[in-house]
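> Handing you this structure, nothing more for now.
The values are calculated or read from the model by the stated rules, or taken from the named source; none is laboratory data. Computed from a predicted structure; not experimentally measured. Cβ: placed from backbone, ideal geometry, glycine included. Neighbour counts: every protein chain shown.
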Amino acid sequence: MVLALDISSSCIGYCVFSNSGKLLKMSCVKFNSKQTKFERLEKFIVEMRQEGVDKMPIETVAIEEPLKKFKGKFSSAETIAILNYFNGMISSWLYTNYNSEPAYYNVNNARSTVFPGLKVAKEEGSIKHEVWRKVMEKEPQINWRYSPKTRKLMDENYDMSDAYVVGACHLAVIGKQLSEN
């Protein structure tokens, strides 16, 4: 099995895939903005245990690579440092729990591997929304999260979609490596 994650300090999207590529589980862990990094780590661990993910026979872990350079208003040096630090905390727990060193994937490369020629629809204007739409088409059984008040798609769906893309990319890379041997 493959565990794939999109780690941020506000939400961790995750998916579990069988080795044949079947999606077995997709969810997320949302954090309160007042929680410390350590409280967020603890919440992540508790939710992985509650969902039984910590006991699944995970063989490999795939993670969206954290930001490495400045990009727009959400990538100050402080933000990048916090994301990298938190990513390291989660990665360390995953390594300890599954005895598997995580593989890291650049989100743009992963998206182009899983959805070649991905284009953003002008009316939507968001690559994250377009990725979500593609994942929704591939996995119609998923019950996506909508705001109970506004009925709008909630942001954590994008984190779950990126986790899906990272996992699907990892499976594609592994498949290529196996076929080359």
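> Look at ILE142 and say whether it is surrounded by 15 or more Cβ atoms within 10 Å (Cβ to Cβ) and modelled with pLDDT of 90 or more.
yes
> Can you tell me which residues in the range 93-114 are under 17 Å from PRO57 (Cβ atoms), more than 15 Å from the chain's Cα centre (by Cα) and in a helix (DSSP H, G or I)?
Result: TYR95, THR96, ASN97, TYR98.
> State all residues of the range 105-117 that are out of contact with any His (no Cβ under 7 Å at 6 or more places or on another chain) and buried (at least 16 other Cβ atoms within 10 Å of the Cβ); if no residue qualifies, say none.
Matches in the range 105-117: VAL107, ALA110, ARG111, THR113, VAL114, PHE115.
> While we're on this one: Could you list all residues from the range 16-37 that are out of contact with any Ser or Thr (no Cβ under 8 Å at 6 or more places or on another chain) and in contact (Cβ under 8 Å) with a residue 40 or more places away in the chain?
VAL16, PHE17, ASN19, GLY21, LEU23, MET26, SER27, CYS28
> Scan the range 116-139 for residues that are farther than 20 Å from ILE7 by Cα and modelled with pLDDT of 90 or more and report the count.
Going through the range 116-139 one residue at a time, the tally reaches 5.
> Same structure, new question: In the set ILE58, ILE82, ILE90, which member is assigned to a loop (DSSP other than H, G, I, E, B) and hydrophobic (A, V, I, L, M, F, W, C)?
So the residue among ILE58, ILE82, ILE90 that is assigned to a loop (DSSP other than H, G, I, E, B) and hydrophobic (A, V, I, L, M, F, W, C) is ILE58.
> Do you know which of the residues in the range 14-71 that are polar (S, T, N, Q) and touching a Leu at 6+ places or on another chain (Cβ under 9 Å) is farthest from PRO140 (Cα to Cα)?
Checking each candidate, the answer is THR60.
> Which pairs turn up if I take residues in the range 148-160 that are in a loop (DSSP other than H, G, I, E, B) and surrounded by 14 or more Cβ atoms within 10 Å (Cβ to Cβ) and look for partners that are among the polar types (S, T, N, Q) and at pLDDT below 90 with beta carbon separation below 6 Å, at least 6 apart in sequence or on another chain?
Between residues of the range 148-160 that are in a loop (DSSP other than H, G, I, E, B) and surrounded by 14 or more Cβ atoms within 10 Å (Cβ to Cβ) and residues that are among the polar types (S, T, N, Q) and at pLDDT below 90, the close pairs are MET154/SER147.
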